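Derivation of every value follows stated rules applied to the coordinates shown; laboratory data play no part. What you see is a predicted model, and the numbers here were worked out from it, not measured in a lab. Cβ placement follows ideal geometry from the backbone for every residue including glycine, while neighbour counts extend to all protein chains displayed.
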Amino acid sequence: MSYPFREMSPQAIAVFLAESRHALLAVNRKGKAPLLGPVWYLFDEGRLHFEVLSTTAKYRHLSKDSNVSLCIDGGHPDARAVIFYGTAEVLKAPREISDQIQRRIARRYLPSDDEVQRYLRQTEAVGEMALFIVTPNKIVARDYN
């Protein structure tokens, strides 16, 4: 038996992704199960941006295999989800642009610009962040509500 669902329109996807939700990132590990972890993201012009510390396993595995899946779930009782399949590339952009995207990502999740500045300072003290951009080759977006 299958559950009834509706495919989400591009407009419905954009509205859903505009809310501050976590994306569950899946990266490939050679000979092992995928590595999963939550990331903050920014959906802009049909692509997802996210960042990870350059000292993490996520970064190490992404450096070897750029194929990713990201699932953004509505959380109970919101039975919607958008799943992206694609490739993640380190964003090669001038520092000014990457800093702007990093601030935009943080601002989606933090209540004020002061909190964003504090977060960015704390993150910088921990290590270098790598900003990725995901160009999806497939998007599955369903509404089970």
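Some points to look at:
- Top of Val90, Val39, Val126 by mean-square fluctuation, Gaussian network on the chain, Cα under 10 Å: Val126
- Calculated from backbone phi, Karplus (6.51, -1.76, 1.60) coupling profile of segment 94-107 in Hz, x at Gly/Pro: x, 3, 4, 6, 5, 5, 5, 5, 4, 5, 5, 4, 4, 5
- Here each label is just a point 7 Å from Cα along the line to Cβ, and for Asp99 and Ser54 those points are 1.6 nm apart.
- Those lysines that a straight Cα-Cα span of less than 17 Å connects to Lys58, excepting residues fewer than 8 apart in one chain: Lys30, Lys32
- Calculated from backbone phi, Karplus (6.51, -1.76, 1.60) coupling profile of segment 20-33 in Hz, x at Gly/Pro: 6, 10, 8, 9, 8, 8, 10, 10, 7, 10, 4, x, 9, 5
- Structure remark: mean-square fluctuation, Gaussian network model of the chain, C-alpha springs under 10 Å; the largest value among Lys64, Lys32, Lys92 belongs to Lys32.
- Each other residue within a Cβ distance under 15 Å of Lys30 adds +1 if Lys or Arg and -1 if Asp or Glu, for a net charge of +4.
- Backbone N under 15 Å from the Ala18 label point (7 Å along Cα→Cβ), restricted to segment 102-145: 108
- Principal-axis tilt of helix 113-126 within the chain, Cα atoms, nearest 10 degrees: 70 degrees
- With K and R counted +1 and D and E -1, the other residues having a Cβ less than 12 Å from that of Val116 yield a net charge of +2.
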